[in-house]
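Worksheet: one structure, shown below.
The values are calculated or read from the model by the stated rules, or taken from the named source; none is laboratory data. Note that the structure is predicted; figures quoted are calculated from it, not measured. Here the Cβ is made from the backbone with ideal geometry for all residues, glycine too, and neighbour counts use every protein chain on show. Surface areas here come from the heavy atoms of the whole protein model, side chains and all, with no ligands, DNA or RNA. Shrake-Rupley method; radii C 1.70, N 1.55, O 1.52, S 1.80 Å.
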Amino acid sequence: MLFWLVVALVGFGVQYALRRRHDRAVSVPDLLMGWLLLSAVGLAGLLGAVAHTAFAAETAQGIGFPAGNPFQYEVAVANLAFAVLALVGYWNPGVRPVAGLVSGIWLGGDAIVHTHELVAHDNTAPNNAGLFLVIEIAIALALLGLAGYTAASRRSAAPARV
């Protein structure tokens, strides 16, 4: 998760600097949400889908779950679905607030499950607790906040309907 967050922040920083250099209008929240969707949800989700299928036993161990559980194929399909939504949101700014909202809910829900596993079952596996969990919560909150802000900004900038 840290890697994908760093990729998102570096990509955001480079694109922001390039846009500002050419005096183009830049929506910082929209641009940041796009990069979080591309990296932390889209690309990470594609790799998560592969990890939960091709490397299912190793992935389960990294989360602190027993190998051989068919839940991983369901998680793989969810990872793939959210990755596609996030990538569409990156490439289509009109979809971005919805992609950010849905992805934030999904990552927030994951964080709740990981927190429950940590507290109720002392699951301190590397991909369940610690820095992984903190970053997952931060990305979920960022996506939810950015989606809300971007949607509200667009709504207030839109012409009144008659």
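To one decimal place, what orientation-averaged projected area in nm² is obtained for the convex hull of the Cα set of the chain?
Numbers: hull surface 43.0 nm².
Over all viewing directions, the chain projects a mean Cα-hull area of 10.7 nm².
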Proximal charge balance of Gly130 [Cβ under 14 Å; K/R count +1, D/E count -1] = -3
request  = Step through the residues of the range 77-82 one at a time and calculate ³J(HN,Hα) from phi using the Karplus curve (6.51 cos²θ - 1.76 cosθ + 1.60, θ = phi - 60°), rounding each to whole Hz and writing x for Gly and Pro.
outcome  = 5, 5, 4, 5, 5, 5
ask   = Taking only protein heavy atoms and a 1.4 Å probe, what accessible area per residue, in Å², does the chain have with all protein chains in place?
value = 56
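Roughly to the nearest percent, how much of the accessible area of the chain is carbon and sulfur, given a 1.4 Å probe? Write down the numbers at each step before the final one.
Details: 6240 of 9020 Å².
On the chain, the fraction of accessible area on carbon and sulfur atoms equals 69 percent.
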ask   = Ordering Arg96, Arg154 by how much accessible area each has at a 1.4 Å probe, largest first, what is the list?
value = Arg154, Arg96
inquiry  = Using the Cα centre of the range 14-121 as the reference point, and only Cβ charges (+1 on K/R, -1 on D/E), how large is the resulting charge dipole? Debye, rounded to the nearest 20.
reply    = 580
remark   = Computed curve, the range 21-65, Cα-only Debye sum without solvent term, log₁₀ I(q)/I(0) at 0.15 Å⁻¹, is -0.54
